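Undergrad: The following block contains the structure, expressed as structure tokens.
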Amino acid sequence: MSNRLQHVRIMMRTCSDALLSFSKCAVIFFLSLTTVLSVAVTVWIVDYAESGFLIDYTAWPVPVAFIAIVYLVVKRDRFSECLCRASGRFYYGAVLVVSFVFSFLWIVVADVPQGFDSKNLLDAAQYLAGNPEMEYLWTSDGSYMQRFPFQVFFVFILYVCTLLVGHHADLLYQMINCVCVPVIVWAIVLQVKAIAPDDRFAQRIAALIGLLFVPLIMYCTFVYANSISLALCMLSFAFFIKGVKELEWPRVAISLIMCIVGVLLKSSMLLVLIAMLFVGAIEFLKKPKAAFGCLLVVALLVYVPMSSLVPASVGNALGVNLSNGIPSLSWVVMGTGADDGPQKITDKAGWYSAYVWDEFPGSYEASEYNERSKELLAERARTFVEDPAFCADYFFTKYIYEWCEPTYGSVLSSNWTVAEPGGTPMADRDLNAISSSMYYGKLNTVVLRWDDAIQSLVLVGALLYFIRMRKALEPVVLAPAMYVAGGALFYLLWEAKAQYIMPFYVALIPYAALGLAMLANYRRKWRNPRTVAAKTTEKRRIGWVEEDLRRGSKMQFSSKKTCAGAFSRFEKACASARFVDNASVGAVVAFSLVLVVAAFVPSSAKAVELQEDASVSDLHLADSAPGQDALSPSDPAVPEDP
């Protein structure tokens with residue numbers, strides 16, 4: 001019996017090692033591919049109707065120069081000393097307060113009216129609060145809530161906001177988003193602490209990158225579950241990693257509860273729960289713990305019924321059928337471009353195409369959607385098989401639109417130039433000087449360039465970490481990375497846009513901070529000429545002393561003279577090395593400035609050239625929305641100097 005148990009344990013450990021190796025390879029492959037694409041290619045949204053986008057191959061000097069400058073800064077002892085010397089409470093408190101203040105200021109400055117899904121969800125909450133005019137969102141055949149019953153959990157939060165402040169529920173929820181921003185930044189720091197508890201430099205870098213990640217702040221005006229769900233899931237990652245590493249099962253249970261709540265609020269966060277369960281299974285196979293295995297099973301058994309029973313129960317209370325939502329295949333139809341319905345608004349790169357509204361209220365049947373989706377997907381698969389070049393171009397275009405758009409739609413989300421029938425576009429509101437510059441002026445260019453640089457920095461830092469630590473990674477540390485790599489594969493088929501990708505980049509920030517800190521420490525420890533010379537001198541001194549003890553006092557005097565001469569020569573070598581090091585720093589800075597100038601100076605000529613003769617490979621424009629003209633790349637909505 002004992003031999004059989006030992007054999008089972010060996011098999012479990014073998015499976016765990018195989019899955020762990022596969023996960024590491026998948027993560028490194030994804031990061032390598034995406035890093036190269038992000039640095040080399042930048043995607044600009046052409047206008048505020050999302051009617052197309054511009055693939056720019058000339059924007060790479062800015063992220064390259066930025067990464068070079070960051071490298072020169074983090075490798076300096078003075079920078080790390082200043083960053084680590086400050087009190088932790090003061091440093092982190094300042095970062096969190098600043099992130100909240102900037103989020104609040106953006107809400108005040110932007111003054112965004114809500115539209116599309118946000119408005120429908122707010123109106124649905126108004127009906128629960130007693131406004132009968134919004135009944136159609138629940139009770140009419142094929143209504144919004146009947147098609148998307150998974151929104152019930154988020155509508156409940158808006159319902160509470162409505163009870164508290166009435167018609168100003170959107171402003172209250174935007175304030176909740178403001179609170180979520182520092183929570184997300186703190187969750188990033190907690191993840192780094194869980195992975196590397198003693199690396200104070202990496203923890204401080206993580207907080208700084210989180211603060212400088214502008215799309216988190218920009219999305220505070222968006223009344224949707226993005227921010228609150230992301231905050232819960234990032235906290236769950238931090239608790240999960242620390243709990244599993246230290247065998248604290250209550251902490252693991254708390255992490256799973258937060259994850260389930262985040263997933264219920266925003267269904268696309270299901271990938272977080274899947275990643276945690278997958279990594280948890282690897283950890284369980286490696287080191288079986290009954291309590292840990294039970295927690296993973298209970299989490300799965302709790303989420304599955306709650307995701308369907310709660311909406312059905314709410315529907316029964318309201319006399320509405322909320323168990324017959326849009327089939328999952330419908331989103332795959334949009335993601336693969338298979339939609340050919342009358343409501344189709346675009347045929348590019350797997351964007352949202354309004355396929356889920358092809359059947360108007362009064363004729364909605366989920367089963368018909370499902371059957372029609374199967375037919376469309378079969379036809380699309382035949383097209384891909386018959387034309388492999390078209391298939392490759394389609395998915396390449398879709399991938400770079402998702403992963404190489406540096407704002408993740410955060411600027412677009414608050415300034416749409418289109419609206420639902422009978423609605424008013426957000427862009428028609430009165431803009432102040434700051435918001436006008438953010439959408440159409442110099443501030444827009446600065447923010448887009450900054451986001452592009454931060455995006456590339458996050459990817460490069462994360463890639464460095466995984467390459468350096470590939471042989472020493474614990475399975476649980478891979479949980480956020482598997483969420484990101486799995487999301488990249490998932491959104492190749494699912495309906496997607498850059499907005500959906502932002503949580504993945506946030507999940508990579510802890511790895512990026514660890515990678516940058518590791519690069520700086522590696523540089524200081526092994527590449528600094530003064531350190532190398534000091535180590536070599538010390539070794540030779542020890543050798544000389546040992547030789548002196550063997551040869552006697554006369555030889556000892558001679559050895560001391562030799563030691564002094566050698567030490568003098570090493571000091572001169574150190575001085576030369578410092579000169580070379582400083583010269584290399586100057587050269588890199590000069591090169592970075594040249595790259596920046598090269599990126600900005602010829603931009604107008606390139607824009608004119610693209611405007612006059614835009615090729616299909618460079619400019620992908622979808623059909624314009626009714627009543628809207630697609631803007632040219634020289635329009636102020638596009639970066640002034642892509």
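The values are calculated or read from the model by the stated rules, or taken from the named source; none is laboratory data. This one's a predicted model, so the numbers in the text were calculated from it and none came from an experiment. Every residue, glycine among them, receives a Cβ derived from its backbone with ideal geometry; neighbour counts consider all protein chains shown. Protein only, heavy atoms only, side chains kept; ligands, DNA and RNA dropped before computing areas. Shrake-Rupley method; radii C 1.70, N 1.55, O 1.52, S 1.80 Å.
Undergrad: Using the Karplus equation 6.51 cos²θ - 1.76 cosθ + 1.60 (θ = phi - 60°), what ³J(HN,Hα) coupling, rounded to whole Hz, does each residue of region 265-273 give in order, writing x for Gly and Pro?
TA: These are the phi-based 3J(HN,Hα) values: 6, 9, 5, 5, 6, 4, 4, 5, 4 Hz.
Undergrad: What does the accessible area of CYS233 come to, in Å² to the nearest 10, when a probe of 1.4 Å is used?
TA: CYS233 has an accessible surface of roughly 0 Å² with all protein chains in place.
Undergrad: Let me ask something else. Shape of region 368-480 from its Cα gyration tensor (a ≥ b ≥ c, root eigenvalues): rounded if a/c is under 1.5, otherwise prolate when a/b > b/c, or oblate? It would help to have the intermediate numbers written out before the result.
TA: Details: a/c = 2.29, a/b = 1.09, b/c = 2.09.
Since a/c reaches 1.5 but b/c is at least a/b, the shape of region 368-480 is classed as oblate.
Undergrad: Roughly how many Å is it from the Cα centre of region 27-63 to that of region 255-313, as a whole number?
TA: 33 Å
Undergrad: If eta is 0.692 mPa s and T is 37 °C, what Stokes-Einstein diffusion coefficient results for region 124-234, Kirkwood Rh from Cα pairs, in µm²/s? Could the numbers behind the result be given before it?
TA: On the way: Rh = 15.9 Å.
D, rounded to a whole number, is 206 µm²/s.
Undergrad: Still on this structure, I have one more. All other residues with a Cβ under 11 Å from the Cβ of LEU247 taken together, and with Lys, Arg as +1 and Asp, Glu as -1, what is their net charge?
TA: Values: positive: LYS242, LYS245, ARG251, LYS287, LYS289; negative: GLU246, GLU248, GLU283.
Summing Lys/Arg as +1 and Asp/Glu as -1 gives +2.
Undergrad: Compare the peptides 436-444, 465-473, 478-486, 169-177 by average per-residue count of other Cβ atoms within 10 angstrom and give them in order, highest first.
TA: Values: 436-444: 16.8, 465-473: 15.2, 478-486: 24.6, 169-177: 20.3.
Result, highest mean Cβ count within 10 Å first: 478-486, 169-177, 436-444, 465-473.
Undergrad: OK, next. Once phi is turned into ³J(HN,Hα) by the Karplus curve 6.51 cos²θ - 1.76 cosθ + 1.60 with θ = phi - 60°, what whole-Hz value does each residue of region 59-68 show in order, with x for glycine and proline?
TA: So the J values, rounded to whole Hz, are 8, 4, x, 5, x, 5, 5, 5, 5, 4.
Undergrad: Would region 201-265 count as rounded, prolate or oblate if I go by the C-alpha gyration tensor, calling it rounded below 1.5 in a/c and otherwise prolate when a/b exceeds b/c, oblate otherwise?
TA: Details: a/c = 5.36, a/b = 1.28, b/c = 4.20.
It comes out oblate by the Cα gyration axes.
Undergrad: So, one more: Taking the Cβ of PHE278 as the centre, find all other residues whose Cβ is under 14 Å away and add up their charges (Lys, Arg: +1; Asp, Glu: -1).
TA: Working: positive: LYS24, LYS286; negative: GLU283.
That sum, taken over residues with Cβ under 14 Å, equals +1.
Undergrad: Can you classify region 396-460 as rounded, prolate or oblate using the Cα gyration tensor, where a ≥ b ≥ c are the square roots of its eigenvalues, rounded means a/c under 1.5, and otherwise it's prolate if a/b beats b/c and oblate if not?
TA: Judged from the Cα gyration tensor, region 396-460 comes out oblate (a/c at least 1.5, b/c at or above a/b).
Undergrad: Here's another thing I want to ask about it. For GLU365, list long-range residues whose amide hydrogen, built 1.01 Å from N in the peptide plane, is under 5 Å from its own amide hydrogen.
TA: Distant-sequence amide H within range of GLU365: zero hits.
Undergrad: Among VAL333, VAL314, LEU273, whose Cα lies farthest out toward the positive end of the dipole of region 225-354, if unit charges sit on the beta carbon of Lys, Arg (+1) and Asp, Glu (-1)?
TA: Of the options given, the answer is LEU273.
Undergrad: How much length is gained on full extension from GLU375 to ALA40, taking 0.36 nm per residue of separation minus their Cα-Cα distance? Intermediate results must be reported in sequence, preceding the final value.
TA: On the way: separation 335, 0.36 × 335 = 120.60 nm, distance 3.78 nm.
Once the chain is fully extended between GLU375 and ALA40, it gains 116.8 nm.
Undergrad: Rounded to the nearest 0.05, what FRET efficiency do GLU368 and SER140 give with R0 = 22 Å and r taken as the Cβ-Cβ distance? Could you check? Mind showing how you got there, number by number?
TA: Numbers: r = 18 Å, r/R0 = 0.80.
According to the calculation, E is roughly 0.80.
Undergrad: Might you tell me the accessible area per residue for region 29-120, computed with a 1.4 Å probe and given in Å²? Don't skip to the answer; put the middle values down first.
TA: Working: 3980 Å² over 92 residues.
I get 43 Å² per residue for region 29-120.
Undergrad: So how do 14-22, 511-519, 112-120 stack up, highest first, on mean other-Cβ count within 10 Å? The partial results should precede the final answer.
TA: Working: 14-22: 14.3, 511-519: 26.1, 112-120: 18.4.
Highest mean packing first, the order is 511-519, 112-120, 14-22.
Undergrad: Of TYR399, TYR408, TYR71, which has the most accessible area and how do the rest follow, probe 1.4 Å?
TA: TYR71, TYR399, TYR408
Undergrad: Pull out the extension gain between LEU309 and HIS168, defined as 0.36 nm times the separation in residues minus the alpha carbon to alpha carbon distance; nm, one decimal. Walk me through the numbers on the way to the answer.
TA: Working: separation 141, 0.36 × 141 = 50.76 nm, distance 3.04 nm.
Extra length from LEU309 to HIS168 when fully extended: 47.7 nm.
Undergrad: Turning to a different aspect of this structure: I'd like to know which of VAL109, ALA59, THR35 lies farthest towards the positive end of the charge dipole of region 1-138, counting +1 on Cβ of Lys and Arg and -1 on Cβ of Asp and Glu.
TA: Going by the charge dipole, the pick is THR35.
Undergrad: Moving on. Counting Lys +1, Arg +1, Asp -1, Glu -1, what net charge surrounds TYR91 among other residues with beta carbon under 14 Å of its beta carbon? Mind dumping the intermediate values first?
TA: Numbers: positive: ARG85, ARG89, LYS193, ARG200, ARG204; negative: GLU81.
Summing Lys/Arg as +1 and Asp/Glu as -1 gives +4.
Undergrad: Determine by what factor the alpha-carbon radius of gyration of region 52-190 differs from 2.2 N^0.38 Å, reporting the quotient. Provide the component values of the computation, followed by the final result.
TA: On the way: Rg = 22.0 Å, N = 139, 2.2 N^0.38 = 14.3 Å.
Rounded to two decimals, the normalised Rg is 1.54.
Undergrad: I need the phi-derived Karplus couplings for region 395-407: 6.51 cos²θ - 1.76 cosθ + 1.60, θ = phi - 60°, integer Hz, Gly and Pro marked x.
TA: 3J(HN,Hα) across region 395-407, in whole Hz: 6, 5, 4, 5, 5, 6, 5, 5, 9, 10, 8, x, 8.
Undergrad: Mind putting a number on the dipole of region 106-178 about its Cα centre? Charges go on the C-beta only, +1 for Lys and Arg and -1 for Asp and Glu, and I need it in Debye to the nearest 20. Walk me through the intermediate numbers first.
TA: Numbers: 2 positive and 7 negative charges, 32 e Å.
In total the dipole reaches around 160 debye.
Undergrad: If R₀ is 60 angstrom, what is the calculated FRET efficiency for the pair LEU300 and THR424, using the beta carbon separation as r and rounding to 0.05?
TA: Values: r = 44 Å, r/R0 = 0.74.
That gives a FRET efficiency of 0.85.
Undergrad: Dipole magnitude of region 1-147 about its Cα centre, charges +1 at Lys/Arg Cβ and -1 at Asp/Glu Cβ only, in debye to the nearest 20?
TA: Values: 11 positive and 12 negative charges, 277 e Å.
So the dipole magnitude of region 1-147 works out to roughly 1320 debye.
Undergrad: If each residue of separation counts as 0.36 nm, what is the full-extension length gain between ASN521 and ALA281 once their alpha-carbon separation is subtracted?
TA: Details: separation 240, 0.36 × 240 = 86.40 nm, distance 3.33 nm.
That works out to 83.1 nm of additional length.
Undergrad: Can you figure out the FRET efficiency of ARG382 with SER21, using R₀ = 45 Å and their beta-carbon distance, to the nearest 0.05? Don't skip to the end; give the middle numbers.
TA: Values: r = 36 Å, r/R0 = 0.80.
The value I calculate is 0.80.
Undergrad: Can you list which of the trypsin sites (Lys or Arg not before Pro) found in region 263-314 are DSSP loop residues with at most 12 other C-beta atoms within 10 Å? Don't skip to the end; give the middle numbers.
TA: Values: sites: LYS266, LYS286, LYS289; in loops: LYS266, LYS289.
Hits after loop and neighbour filter: nothing returned.
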